[in-house]
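Throughout, read-outs are computed from the coordinates displayed, never taken from laboratory work. Predicted model only: the values in this text are computed from it and were never measured. Ideal geometry is used to build each Cβ from the backbone, glycine not excepted, and the neighbour counts take in all protein chains shown.
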Amino acid sequence: MRVLGIETSCDETGVALYDGERGLLAHAVYSQIPIHAEYGGVVPELASRDHVRKALPLIRQVLDEAGLTREDIDAVAFTAGPGLIGALLVGAALGRSLAWALGVPAVGVHHMEGHLLAPLLEDSAPDFPFVALLVSGGHTQLVDVTGVGRYRILGESLDDAAGEAFDKTAKILGLPYPGGPALSRVAEQGDPTRYRFPRPMTDRPGLDFSFSGLKTFALNTLREAEAEGGGGIDAQTRADIARAFEEAVVDTLVIKCRRALRETGRRRLVLAGGVSANRRLRARMGEALAAEGGEAHYPRPELCTDNGAMIAYAGWQRLAAGASEPLLFKPRARWPMEALAPLTPAIETEM
Ligand code: KG4
Ligand code: ZN
């Protein structure tokens, strides 16, 4: 079965073709970053309008790259939530009506399930069960995964998501939107010993997170440095603050992931969502888990951030299990992942 995947939940238009037998045939992402950059964040109405402009050309492009035509599409998967409601409506309306016109089934996909399953697109796909760390702009969650649709939330952020904390801290430091990659680049030049930020909520039991304090800590550190520097800071100081922030987020995520693996008795960890593209996080998590006989799995960086491939793949999993949407579709800005129907039997034992 060949599934066309359409992702429009936020500021990236993603389209892909996934074949149940041959794997990922083609995928393309159009990023709206230049449109939103001058506002310092995503403007929902501009996002919706640009999805309208880009979705069809991207579908044509992906079909061309795969050497296929519309008639080769066996089903359509679209992101049905969570996300910006207007942006979701564009992809859902397009996906659902395209499927109707082609006379094929359609399925609405949960965006975070897409992220969670993205590592299974890779050759080194992990077996179930595993613990997933979902770290994106809107979510930070630790999930125990025993099968497709079998998700138990172990912990989550009580305030800002990890990506949101990156973005806000980057803004404080005067770095361009989107802040995560920009801050991470600047942090490369930073001295990790100059400032030390707290590791929030690691000194007590539990698997929840809180990142909003780190942004305040960054602001206070910046103010002090500015006062010492007579009103401004130099590039090195900015890099040192960025580095201290990144070290704190990475350390906190590593500590909580090791704890989640210990508490669940799992060995495998899957990292997914935009922040899992962070190089320091990938390296540090890999080393920490390897030292304890564990494994860290993550998709290639372009499949960490929003993309159509993860939606096509998650949709294929659901369609292959017989799921499909009626003509009525209902995008949801909010949608708890634990509400999803389980698809595959629960696998509790590690192989
Ligand atoms: O998954 P995603 O593309 O969209 C959402 O579903 O939110 O994640 C976007 C988030 C943004 O907050 C962005 O700053 C962050 O992921 N991000 C990063 C990196 N690349 C993207 N954060 C830290 N380091 C990166 N390299
Ligand atoms: Zn996402």
Compute the angle between helix 162-172 and the longest alpha-carbon principal axis of the chain, please, reported from 0 to 90 degrees and rounded to the nearest 10.
50 degrees
How big is the range 128-298 by the Kirkwood estimate over distinct Cα pairs, in Å?
16.3 Å
Charge-dipole axis of the range 128-298 as Lys and Arg at +1 and Asp and Glu at -1 on Cβ define it, positive-most pick from Tyr151, His139, Leu281
Tyr151
Between Ser157 and residues 5 or more places away or on another chain, which pairs have amide H atoms under 5 Å apart, with H built 1.01 Å from N, and which residues are they?
Thr140, Phe209
Would you calculate the separation in nanometres between label points at Asp72 and Ala101, each defined as 7 Å from the Cα along the Cα-to-beta-carbon direction?
1.9 nm
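Run through the DSSP bridge list for the chain and note the antiparallel percent, rounded to the nearest 5. Mind dumping the intermediate values first?
On the way: 26 of 43 bridges.
In the chain, DSSP labels about 60 percent of beta bridges as antiparallel.
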Sorting Tyr195, Ile255, Leu24 by the position of each Cα along the dipole of the chain (Lys, Arg +1; Asp, Glu -1; all at Cβ), the one nearest the positive end of that ordering is Ile255
For the chain, take the longest principal axis of its alpha carbons; what is the angle in degrees between that and the long axis of helix 279-290, to the nearest 10 within 0 to 90?
90 degrees
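Counting Lys and Arg as +1 and Asp and Glu as -1, each charge on the Cβ, what is the dipole of the chain about the Cα centre in debye, to the nearest 20? Show your work: numbers first, answer last.
Numbers: 37 positive and 45 negative charges, 75 e Å.
Here the size comes out at about 360 debye.
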Using only Cα atoms, tell me the angle between helix 44-66 and the longest principal axis of the chain; keep it within 0 to 90° and round to the nearest 10.
60 degrees
Listed residue (Gly265, Leu173, Ala244) projecting farthest to the positive dipole end of the range 128-298, Cβ model
Gly265
How about the range 104-207: which GluC sites (Glu not before Pro) there are in a DSSP loop, with at most 16 other Cβ atoms within 10 Å of their Cβ?
Glu122, Glu188
For the range 1-79, what is the convex hull (Cα atoms) projected area averaged across all directions, in square nanometres?
5.1 nm²
Rounded to 0.05, the calculated FRET efficiency for the beta carbons of Ala341 and Glu38 at R₀ = 45 Å is 0.60
Relative contact order for the chain using alpha-carbon pairs under 8 Å, separation at least 6, rounded to a whole percent?
26 percent
Any idea what diffusion coefficient the chain gets from Stokes-Einstein, in µm²/s, Kirkwood Rh on alpha carbon pairs, 10 °C, 1.306 mPa s?
77 µm²/s
Once label points are set 7 Å from the Cα along Cα→Cβ at both Gln61 and Glu21, what is their separation, rounded to one decimal in nm?
2.9 nm
DSSP loop (so not H, G, I, E, B), at most 14 other Cβ within 10 Å: list which trypsin sites (Lys or Arg not before Pro) in the range 242-297 pass both filters.
none
Mind putting a number on the dipole of the range 128-298 about its Cα centre? Charges go on the C-beta only, +1 for Lys and Arg and -1 for Asp and Glu, and I need it in Debye to the nearest 20.
560 debye
For the chain, calculated [θ]222 nm from helices alone, where every DSSP H run of n ≥ 4 adds -39500 (n - 2.57):
-13500 deg cm²/dmol
